[in-house]
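What follows is calculated from the coordinates using simple rules that are stated; it is not laboratory data. None of these values were measured; they are calculated from a predicted model. Cβ placement follows ideal geometry from the backbone for every residue including glycine, while neighbour counts extend to all protein chains displayed.
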């Protein structure tokens, strides 16, 4: 990349390159020093255990340990990818993530913008404080509430009946499952996620607003031309990171909310692994599926990062 | 508090702006209601008489108000000790998180840093590939951290996701002071300590909150790395109370280990006890999310 | 080793100066023979484990063993078990389920117990040998866990329970067959339009698991006494009538519309508030509902329905097992105290040890009345006000099933029961149509691997379909084709594996 001095080899000769590298290292020696602890952290707690990934290619038996277990090559990957049910799981996983991003991602931004426009500061504090409360409720309790609200005589059906409609079995309809999953997710996390944007908003130079006001800009113009561009890098980075998690969904909530009737849209990779895990300790198979998930996630991040670098100047790397 | 922003907002009031404010307030009131009611419901159940709850009479007001369930919960040594543990793990863990994340985010935020690209990738890869529990457990075992606080506070040392948010914030900081410092001959460590960190209060506050909540709510590391009950954090106790044990029942008809679940009032009291302390953190941090911090720092 | 190198580096950088004593300190002073033995089990919130409870102190006194108890929250216990077994890092003693033991039986982490128990814990061996089904818990002839046995227990079971007060109010008879049951519940629905008469928890599998067998064809793989073999009931043509029954119940509002999604606590609330009037599940729960309902209707009472006749003219219903053969205690192969553990087991299986682990100390917690052991009235009074008195008492003493007892005496759990409850027990225990369940046979490694796969594949087809048939999103005409799919996925192979393993067990 252009901003890396080391990436501009002006002189291809060996001694020159070494000298150059030495100079660069000397220039950045303090930065490397600062990075030392984080480097060790990732090395010890992430890269050391990563050797465990090899059990995806082995038939892991406790008696033989990770090294001693028998190699099986790609057996588990093939077994997984040739199972027609796996594709249904992948489809469901990606659809739930996709809906969550399309509908769930903008909400915290809108919430932060609305909060930012509030004039009454105590009211602003109250809304802010209250809206992040659901984040603290354990998912077990949240799922219990969702079932309560959507049950045959729950709040939602009571309202429908009061308006002359008929009680509807929301949680038994595959069609409705994604909606329930996404909406309850928004309820849980929108207020919480808006905090990141509020922090980003606070970094915008107030003089920009003053200048815009002097230039006669209205509220919406300021929102569009100052506020949004101000938090755009944060939005981009979060979106890239979210795309990287496209293969992982909130499976604990799904486990608590799905029934046989909604498997069609609700059964995802992790719930399947969970069920399989319960039947027996299938470490190798689960790891293989995990590696597959990681690869897909990484591909999405690389793609999103590439696009973002082309379209804006914000990128993960 | 009257910021310049507020004053200008009042000066350009048009009809459109006014109605926008009204709609905005109405919307946010709705947000308050739908987020508050479930919390409120948990609270009123925890204060109600268990029998009234079982009869389904508690909907909008507590009935048969009493503190019995709280007395039961708080009399329990386990709860008190785990509350203390949670506070300890959260404080130590969050401090470690903030230091490590800052040390990680700052070099990666410097566009002129020669190792930026590869080290970013070094961090990013860990978001997608984990070795799995078994090797992680073995590493912690080899380090001798099993059944100690350090397993709980060191293993989640940096959340790469949060770290990238922090890095993005650092990148957005004005570069003027930065450049001035370099001319003054300050090295990178001095710049980080004297300029970057003091100017980053909002993101520090955000990270403090995020990490603290992450520690407070986490139970999984405690579950797998701790065996001594005296070291359990509160969330593990909470889970033992709210999560229904289903595994033994799976074993078909033979295993008669069905139990009555605990009374709802007790379960909800535990939820309240485990949630309130961390809720109290937010108001102390809230002022950092209010605009004007930056300008104060720049002028001061 | 690489890890150790990094350990040193990391310790220097991060943890220096912050020493925190992590290891257990040797208790040298207490005498050369005293050993510390770790015991891990799942913990139920209504029966927390106190390592200083009288039973654990007694174990220290009588055996010179310090028990280090590791109590893991029940809902997460399986995750912890998988990890510890997966890394071969076991405590000395652990209470596991049969399935957990089977999955790791070939890992070499469990001590084979046949010889040590036979020679060093003869009292325990005698009791295990007296139970014919016990050897079904052995894997390839090896005992890897000591199944938890019972010395006394009133048999309980998943039985139909109905609001008898409402039957009386409406002048209805106790139903004698499943059609009458349907009629009675339909009448309830007519009389109380807001009610959801038949409710269920934990999903469709629970509903069918409990009620399909009595209706004539059991759900999933189950033992059929009349045929003397294992049968995968769901895919048999007869199962259609079970699904039709529930479909009709769903359509007419007899079955709770939320039958597939109720959690246990929602289910309890429906029954305890009078919203639901019938359930097919653990009989003893009825007590809590009865007591709660009496606040609003003084004569309210749930009552077990005597075993009903099904369309084939049969009457049959399972009890829960007499012993907890599907759970028990393993000993780690790596433990340094095998001999001490065996002598502890021997002590716990007979005489003093057996009594102490179920009742506490003589004179302090129990005394003899006409030769029979009875809890002291003063002890009983201490816990009378607790929300769950018998469990509170046993948790405080450290006694019984949920703590650390090899041979469980269930008598203490009945002390606080009101008189109705003994009538319920008397009724189902004298019912000739209540039968004991049969333990699945042990499987070899190949069979276990195969079953794992088959069960997931078959469930992936059946789980959605069963719900669909009941709520009417799948037409009943599809029954044959769905079941054909399940058979193709291996439903009948499951049956074969079970029967082959059963035959093998009987031969040996």
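Note: relative contact order over region B:76-299, using C-alpha pairs below 8 Å and six or more positions apart, is 32 percent. Descending by average beta-carbon neighbour count within 10 Å, the peptides B:148-155, C:359-366, C:306-313 line up as B:148-155, C:359-366, C:306-313, the highest first.
Here region C:174-209 is scanned for amide nitrogen atoms under 15 Å from the site 7 Å beyond the Cα of residue C:241 along Cα-to-Cβ, giving C:177-182. With viscosity 1.567 mPa s and temperature 4 °C, the Kirkwood radius over alpha carbon pairs of the protein assembly as shown converts through Stokes-Einstein to a diffusion coefficient of 40 µm²/s.
Calculated on C-alpha atoms, the gyration radius of region B:147-244 divided by its Kirkwood radius gives an Rg/Rh of 1.17. Averaging the Cα positions of each part gives two centres, and for region C:186-247 and region A:252-301 these lie 29 Å apart. Would you mind pulling out the separation of the Cα centroids of region C:106-122 and region C:345-392, in Å? What the calculation gives is 30 Å, centre to centre. Looking at region C:202-247, the pairs of alpha carbons with a distance over 15 Å make up 36% of the total.
Okay, which of region C:479-498 sit inside 19 Å, backbone N to the point 7 Å along the Cα-Cβ direction of residue A:85? Within reach of a label on residue A:85: C:481-498.
Mind jotting down the distance between the C-alpha centroids of region C:133-162 and region A:205-241, whole Å? Measuring centre to centre over Cα atoms gives 69 Å.
Binning the alpha carbon pair distances of region C:250-385 at 5 angstrom intervals from zero yields the distribution 2, 7, 10, 10, 11, 13, 12, 12, 10, 7, 4, 2, 0, expressed in whole percent. Remark on chain C: ratio of C-alpha radius of gyration to 2.2 N^0.38 Å is 1.09. Within region C:445-507, the ratio Rg/Rh, alpha carbon atoms throughout and Rh by Kirkwood, equals 1.11.
Mean per-residue shielding of peptide C:206-214 is 1, counting Cβ atoms of other chains within 10 Å of each Cβ. Computed over chain B with a Gaussian network model linking Cα atoms closer than 10 Å, the most mobile of B:172, B:132, B:16 is B:16.
For the residues B:280, B:146, B:199, a GNM of chain B with alpha-carbon springs under 10 Å puts the largest fluctuation on B:280.
Extending 7 Å from Cα along the Cβ direction at residue B:111 and again at residue B:23 yields two label points whose distance is 3.8 nm. A simple spin-label model places the labels of residue A:43 and residue B:141 2.4 nm from each other, with each point 7 Å out along Cα-to-Cβ. Relative to a virtual label point 7 Å from the Cα of residue A:98 in the Cα→beta-carbon direction, which members of region A:241-256 show backbone nitrogen distances below 14 Å? Counting backbone N atoms under 14 Å from the label point, the list is A:246-247. The mean number of Cβ atoms from other chains found within 10 Å of a Cβ in peptide C:421-428 is 0, as a whole number.
Extension gain, residue B:220-residue B:175: 0.36 nm per intervening residue step, less the Cα-Cα distance, totals 12.1 nm.
Computed from the C-beta positions of residue B:190 and residue A:309 and an R0 of 41 Å, the FRET efficiency is 0.85 to the nearest 0.05.
Every Cα-Cα pair in chain A was counted, and those over 25 Å apart are 67% of them.
Could you work out which residue, out of B:284, B:20, B:84, moves most in a Gaussian network model of chain B, that is, has the largest mean-square fluctuation with Cα springs under 10 Å? Comparing B:284, B:20, B:84 in the GNM, the peak value goes to B:20.
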